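Below is one structure, written out as structure tokens; comments come after it.
The values are calculated or read from the model by the stated rules, or taken from the named source; none is laboratory data. Everything numeric here is computed off the predicted structure, so don't read it as measured data. Virtual Cβ from ideal backbone geometry, glycine too; neighbours counted across all protein chains shown. Quick note on the areas: whole protein, heavy atoms, side chains included, nothing else; ligands and nucleic acids left out. Shrake-Rupley method; radii C 1.70, N 1.55, O 1.52, S 1.80 Å.
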Amino acid sequence: MIGEQFLQLPGPTPVPDRVMRAMSKAMVNHRGPEFKQILEEVVEGIKKTYQTKQNVLIYPASGTGALEAAVVNFISPGDRVLAISIGVFGDRFAKIAAEFGAEVEKLDFEWGTAADPQIIRKKLHQDKNKEIKAVLITHNETSTGAFNDIKTIRKEIMDHPALFIVDAVSSLAALDLQMDEWALDVVVSGSQKAFMIPPGLSFLAFNERALEIHKKNSNRKYYWDVTAGLQYLEKGQNPYTPAISLYYGLQESLNMMLGEGLDNIIARHKRYRDIVRAGIKEMGLDLLAADDVASTALTSVVAPKDIGANKIRKYLQEEFNIVLAGGQQKLNDIIFRVGHLGYVRDLDLLSVLAALEIALIKLGYKLELGSGVKAAQRFLLDKSE
Ligand SMILES: *Cc1c(COP(=O)(O)O)cnc(C)c1O
């Protein structure tokens, strides 16, 4: 088929040409002055996206690597941990903590909904002896397209000393997240979502409170040890060989992002959410997440039962080269997910809606051709007035 894959996934996301070109530069010595300059620049840039002045380390790993780094550096075996889950990624964070010896208590909320701040508050309030050492939570749940109100939840439990550890892999630079203002202790993110670079880097940000707890941490670690990471960062280096090409890409993508401005980026993602939701609603399909908890990074659509989500995805890929994500685990074939984070344009989403209408009609769904696209166009027109 002509042209590149039309990647509308919640990661990996499309990579701008500028970033691709930046990544084709020759290698430099990762212990030399050129790399030091790049490392210092990208760490400063990442801090701006996190809205933090705290520590940031970069790992050559996908997001899960930095989730594991968060666990082994800040949670010791035997620590009681409250793991809040609203989907697959919340479950994963809980599993990693359990694997490294934490006594994990899961607090599950129905998939497609967000965590209830009052229930979390009550849970921590019941912990009179302050035995819970950490709270794990996902900001944007990529498996469902619902997001947690991190700011409110954090505020509700400020009187409890547990470390507040956030998986922001698919939310940073797509949803507003203010690490310092909201008093988040540890925040994890990754490269292949809103940062517009290929998979392979993840970021671990942590404040001084977390660092003090790290100093007494007894978990096993070597590659992920933040003590080593911080020591080398002072010299402008990584403890081990970094993924140099990805740093070139990150340097370029951060230039783009900071040039556009965080507020503009967040607003742009809100617009994507609204375009897609306007179109889908008009087609008469259900959305998994309600409006007030709907992610600006992706949208989960419930497929017509008699067709199934995977047939729709297959049709879109074969006929239009459009790649949407499927449902994970119990949501397989129930939903499909439209990613709209990072390097995306309004036009891309209009195209997805137009092609989706054709797919639905072809597969037997009753729909007035153009109705969803029209609703999205109407939304954009009204917004520009
Ligand atoms: C993508 C993602 C991850 C990390 O997954 P990797 O495949 O390891 O990059 C973790 N949490 C969330 C919420 C994600 O969206």
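Given the options 152, 299, 13, which has the most mean-square fluctuation in a GNM of the chain, springs set between C-alpha atoms less than 10 angstrom apart?
It is 152.
With contacts defined as alpha carbon pairs under 8 Å and 6 or more residues apart, what's the relative contact order of the chain in percent?
23
At 1.4 Å probe radius, can you tell me the per residue accessible area of the chain in Å²?
About 43 Å² of surface per residue is accessible.
For the stretch 17-259, give the percent of accessible area contributed by carbon and sulfur heavy atoms, probe 1.4 Å, rounded to a whole number.
50
For residue 366, list the lysines whose Cα falls under 21 Å from its own Cα; do not include residues on the same chain fewer than 8 positions away.
281, 305, 311, 314, 374
What are the membrane-span-like helices in the chain by this rule: whole DSSP H runs, Cα extent along the axis at least 15 Å, mean Kyte-Doolittle hydropathy at least 0.5?
Answer set is 63-74, 346-362.
Beyond 26 Å, what share of the Cα-Cα pairs of the stretch 17-259 remains, rounded to the nearest whole percent?
35
Loop-only trypsin sites (Lys or Arg not before Pro) in the stretch 88-136, please: DSSP not H, G, I, E or B, and at most 12 other Cβ atoms within 10 Å.
Working: sites: 92, 95, 106, 121, 122, 123, 128, 130, 133; in loops: 128, 130.
Answer in residue order: 128, 130.
Hey, got a sec? Which trypsin sites (Lys or Arg not before Pro) in the stretch 277-368 land in a DSSP loop and have at most 16 other Cβ atoms within 10 Å?
The qualifying sites are 305, 345, 366.
Please give, to one decimal in nm, the separation of the simple spin-label points placed at residue 40 and residue 28, each 7 Å out from Cα toward the Cβ.
Each label point lies 7 Å from its Cα, and together they span 1.1 nm.
Using only DSSP helix segments of four residues or longer, with each worth -39500 (n - 2.57), what per-residue ellipticity at 222 nm results for the chain after dividing by its residue count and rounding to 500?
Counting only the DSSP helices, I get -13000 deg cm²/dmol.
Give the residue list of trypsin sites (Lys or Arg not before Pro) in the stretch 216-254 that are DSSP loop and have at most 11 other beta-carbon atoms within 10 angstrom.
On the way: sites: 216, 220, 221, 235; in loops: 216, 220, 221, 235.
Here the sparse-neighbourhood loop sites are 216, 220, 235.
Antiparallel versus total DSSP beta bridges in the chain: what percent is that, nearest 5?
50
Taking the chain as a Gaussian network, where each spring joins two C-alpha atoms under 10 Å apart, which residue of 43, 338, 166 fluctuates the most?
Greatest mean-square fluctuation among the candidates belongs to 43.
For the stretch 32-137, what is the number of Lys pairs with C-alpha distance below 26 angstrom, counting only pairs 8 or more positions apart or on separate chains?
19
Please give the FRET efficiency for residue 366 paired with residue 260, using the beta carbon to beta carbon distance and R0 = 45 Å, rounded to the nearest 0.05.
Using R0 = 45 Å, I get an efficiency of 0.65.
Roll a 1.4 Å probe over the protein heavy atoms and report the accessible area of residue 379 in Å², nearest 10.
Here the accessible area works out near 50 Å².
Can you find, among 78, 223, 90, the residue sitting farthest towards the positive end of the charge dipole of the stretch 17-259, where Lys and Arg contribute +1 and Asp and Glu -1 at Cβ?
223
Please list 348, 292, 333 in order of solvent-accessible area, largest first, computed with a 1.4 Å probe with all protein chains present.
292, 333, 348
Given +1 on the Cβ of Lys and Arg, -1 on the Cβ of Asp and Glu, and no further charges, what dipole in debye does the stretch 17-259 carry about its Cα centre, rounded to the nearest 20?
380
Rounded to the nearest 0.05, what FRET efficiency is calculated for residue 180 and residue 330 with R0 set to 41 Å and r the Cβ-Cβ distance?
For R0 = 41 Å, the calculated efficiency reads 0.65.
Put +1 on the Cβ of each Lys and Arg and -1 on the Cβ of each Asp and Glu in the chain; which of 132, 340, 258 then has its Cα farthest toward the positive end of the dipole?
Final value for the positive-end residue is 132.
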